Amino acid sequence: DNRLHHAFEVTPEVFERACRLFRASGVRVVEPIVYRAHGFFPGREVYFLDPSGNMLELRDPTWQPGMPTPTFDDVTRARAR
């Protein structure tokens, strides 16, 4: 279980748009959205696999404790803005 991966920091809008695109395109999301309140990289994260099976991460560093924590399903059901 190699957890080594590349991470990309994105805006909240890009994060949510990417989640919807992943769902629509059948991209495999490895685990639910992670809401990290503490640590070196706080924020919300989504981990997914590229076509070759490499793990990648999108992270939104603007999320903070106390903000809403919608599930991946909630985010992907939200209407596009």
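Computed over protein heavy atoms with a 1.4 Å probe, the accessible surface of the chain works out to 69 Å² per residue.
For the chain, the relative contact order is 35 percent, taking Cα pairs closer than 8 Å that sit 6 or more residues apart in sequence and dividing their mean separation by the residue count. For the chain, the fraction of 1.4 Å probe accessible surface lying on carbon and sulfur atoms is 56 percent. Using Cα-only point scatterers and the Debye equation, what is log10 of I(q)/I(0) for the chain at each q in 0.18, 0.21 Å⁻¹, rounded to two decimals? Those come out to -0.73, -0.99, one per q. Spacing of the modelled spin labels on residue 38 and residue 11, each 7 Å from Cα toward Cβ, amounts to 3.2 nm.
By DSSP, the beta bridges lying fully in the chain are antiparallel in about 70 percent of cases. Between residue 21 and residue 55, the FRET efficiency from the beta-carbon distance, with R0 = 22 Å, is close to 0.80.
Scanning residues 5 or more positions from residue 9 or on other chains, those with amide H under 5 Å from its amide H are 59, with H placed 1.01 Å from N in the peptide plane.
The values are calculated or read from the model by the stated rules, or taken from the named source; none is laboratory data. Here the structure is a predicted model, which means the values were calculated and not measured. Using ideal geometry, Cβ is built from the backbone for each residue, glycine included, and neighbour counts are taken over all protein chains shown. Remember, those area values only see protein heavy atoms, side chains included, never the ligands or the DNA or RNA. Shrake-Rupley method; radii C 1.70, N 1.55, O 1.52, S 1.80 Å.
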